[in-house]
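Beneath this line is the structure, given in structure tokens, with notes to follow.
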């Protein structure tokens, strides 16, 4: 088995690329989930208003 | 497809099944791709371990282009047939595509430094991919800048369709221009992939995993957008009554 865990040249570039990709994807996930929570809250409020 | 799913109840039923399926497949494929890509594939003869950057860079690039293509098709369907679901799909895809295009540029830059000796070069592939990223940003900015929802949707659709012209430039730039630093196609070639199976397997696993992940994100955002539009309609009704 040969992996980047073994000492090798340019490891910092490999881990930086994977780390930034993970960060970008995680950020997108958080944005999507927060957006959903906001929309849900707004819809519940408007439905309450409409029901009154 | 869009006609069938244009009914919100049908779309909801479809999304309820498709979202967990996409999420589950994304997790499995990305986990397998990371295992093969980081720990179970050999370093490249010339590039050494930096070849492993390819397993995130190339899927991000493919998605940056594929999502834009899908966005432009959805915009075309909205523009011609006025299917609201097509507009919801287009608007839901934009930030997802922008993030993947950005990840392609960032990971490519990190790969470029040890391989070419520079973070960035203004060659046709890199420049056209940067334009691709800016097209996503332009689409989102245009839609956000116009208050009238219908006008925003139509203007965004026109921009998305015009921007389609950049896709073949990105795809064929390495063939159309000489003296490029960026390498040519290695997977989608007339004579078959030119990379070894031990590198092709993690690449395809990651590409499939990223695709399902993007599918999850777009469908999830579409459900949110439908919810937000419903809330906005209720708000308009309430304000009209007041």
**Complete:** Checked A:8, A:3, A:27 against criteria (part of a helix (DSSP H, G or I) and either modelled with pLDDT of 95 or more or facing chain B (nearest Cβ under 7 Å) (or both)); the one match is A:27
**Request:** Any chance you could count how many residues in the range B:44-90 are farther than 30 Å from residue B:157 by Cβ and not in a helix (DSSP H, G or I)?
**Result:** 5
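For residue B:61, are the conditions met, namely being buried (at least 21 other Cβ atoms within 10 Å of the Cβ), away from chain A (no Cβ under 11 Å) and touching a residue at least 12 places away in the same chain (Cβ under 8 Å)?
Yes: the conditions hold for residue B:61.
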**Residue satisfying all of: in the range A:33-46; surrounded by 13 or more Cβ atoms within 10 Å (Cβ to Cβ) and more than 7 Å from chain B (Cβ to nearest Cβ); nearest to residue B:231 (Cα to Cα) among these** = A:45
**Prompt:** Mind checking whether some residue in the range B:103-112 is under 16 Å from the mean Cα position of the chain (by Cα), assigned to a helix (DSSP H, G or I) and under 15 Å from residue B:66 (Cα atoms)?
**Reply:** yes
**Message:** Can you pull out every residue in the range B:145-171 that is within 20 Å of residue B:102 (Cα to Cα) and either in a helix (DSSP H, G or I) or modelled with pLDDT under 95 (or both)?
**Reply:** B:159, B:160, B:163, B:166, B:167, B:168, B:169, B:170, B:171
**Item:** Every residue from the range B:38-50 that is in contact with a helix residue (DSSP H, G or I) (Cβ under 8 Å, 6 or more places away or on another chain), facing another protein chain (nearest Cβ under 9 Å) and either closer than 18 Å to residue B:110 by Cβ or at pLDDT 95 or above (or both)
**Value:** B:38, B:43, B:47, B:49, B:50
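The values are calculated or read from the model by the stated rules, or taken from the named source; none is laboratory data. These numbers come from a predicted model, not from an experiment. Every residue, glycine as well, gets a Cβ built from its backbone with ideal geometry; the counts of neighbours run over all protein chains shown.
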